[in-house]
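S.K.: Have a look at the structure that comes next, please.
Just so it is clear, none of the values below were taken in a lab; they were calculated from the coordinates. Remember, predicted model here, so these are calculated numbers, not experimental data. No Cβ is skipped: glycine too gets one built from the backbone with ideal geometry, and neighbour counts run over all protein chains shown.
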């Protein structure tokens, strides 16, 4: 898994970690120019202004306190700072044994990789011994329903679905009742991709949650927001709006293998301060990985 992670982060590594390593190799002392150049590389990797400024300030303080004079000695300290930013939010999804069904509502904008993430997550849960039920709540696209059904057939997981254009809240309602009747462990509900700026569709998402709570006030137990790493800083706006609408409890950051700006994960962690459950580093079934902060930082500099 570490090898796949390192391969998936290659573009970000080439754009950020490799440049930073060379920067330290070419500099002999820790001076204002080195820190300026380092901050520029952090910003180019899309870590965000606030995170970059905090890292530089901490590096200055650490260099002074620990008597670091050589530029090469800064790299281990930088890695510690990056890990410090991510570690509080590296919280894998845990399914309690005494909660049946455990309901996961998956939300996100168009093209973020929601349905694929659901399929991979469902397969992983089933492999771990969980009974899973899927709900095709993306009723706007017939292709989304078919895609989820294909995942279900491939992994022998039942899918609750209606026709395209059906009320998504009704699908969620039926699926929750079916999950209770069948005593499944986990119910995963897909939703239609929507821009965070589309107030009418965001209101519909609220309706889905409201209808679910009529059946069980405790659900959904997890609202998983799927974010495409390639959209950069716009992911922060998406996170804020979805959180304001449905109360996001966890994040899945997809398509890290397709972007050179995977540093956005640091900005998301620091700014949004929500658990990062999964990262996607490729198209293969095992490329959806539980997020591990230590392995992520190590893979960047591997």
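S.K.: Based on the Cβ-Cβ distance of residue 19 and residue 298, what FRET efficiency does E = 1/(1 + (r/R0)^6) give at R0 = 22 Å, to the nearest 0.05? Before the final figure, lay out each step's value.
M.R.: Details: r = 18 Å, r/R0 = 0.80.
Computed FRET efficiency for residue 19 and residue 298: 0.80.
S.K.: Here's another thing I want to ask about it. Once you have all Cα-Cα distances for the stretch 176-302, histogram them in 10 Å bins from zero and send the whole-percent values.
M.R.: Cα pair-distance distribution for the stretch 176-302, in percent: 11, 39, 32, 15, 2.
S.K.: Which three semi-axes in whole Å describe the equivalent ellipsoid of the chain, each the square root of 5 times a Cα gyration tensor eigenvalue, listed largest first? If you can, show how the numbers build up before the last one.
M.R.: Values: eigenvalues 322, 65, 53 Å².
Over the Cα atoms of the chain, the ellipsoid semi-axes are 40, 18, 16 Å.
S.K.: How big is the antiparallel share of DSSP beta bridges in the chain, given as a percent to the nearest 5? The partial results should precede the final answer.
M.R.: Working: 4 of 26 bridges.
Of all bridge pairs located within the chain, approximately 15 percent are antiparallel.
S.K.: Using Cα atoms only, what is the angle between the long axis of helix 114-127 and the major principal axis of the chain, expressed in degrees (0 to 90) to the nearest 10?
M.R.: Helix 114-127 and the main axis of the chain meet at about 80 degrees.
S.K.: If each DSSP helix of 4+ residues adds -39,500 (n - 2.57) and the sum is divided by the residues in the chain, what number results at 222 nm, nearest 500 deg cm²/dmol?
M.R.: Counting only the DSSP helices, I get -15500 deg cm²/dmol.
S.K.: Along its three principal axes, how long is the stretch 1-115 when you only count alpha carbons? Whole Å, largest extent first please.
M.R.: 58, 30, 28
S.K.: Report the FRET efficiency, 1/(1 + (r/R0)^6), for residue 84 and residue 167, where r is their Cβ-Cβ distance and R0 is 51 Å, rounded to 0.05. Mind showing how you got there, number by number?
M.R.: Working: r = 46 Å, r/R0 = 0.90.
Efficiency computed from Cβ-Cβ geometry: 0.65.
S.K.: Which three extents, in angstrom, do the Cα atoms of the stretch 94-200 have along their principal axes, listed largest first?
M.R.: Cα extents, longest axis first: 37, 24, 23 Å.
S.K.: Which whole-angstrom value gives the distance between the alpha carbon centres of the stretch 1-80 and the stretch 110-174?
M.R.: Cα centroid of the stretch 1-80 versus Cα centroid of the stretch 110-174: 41 Å apart.
S.K.: Starting from the Kirkwood Rh over alpha-carbon pairs, what translational D in µm² s⁻¹ does the stretch 55-140 have by Stokes-Einstein at 10 °C and 1.306 mPa s? Please list the in-between numbers first.
M.R.: Values: Rh = 17.2 Å.
Approximately 92 µm²/s, per Stokes-Einstein.
S.K.: I need the P(r) histogram for the stretch 25-77: all alpha carbon pairs, bin width 5 Å from 0 out to the longest distance, whole percents.
M.R.: Values per bin, smallest distances first: 4, 21, 32, 26, 14, 3.
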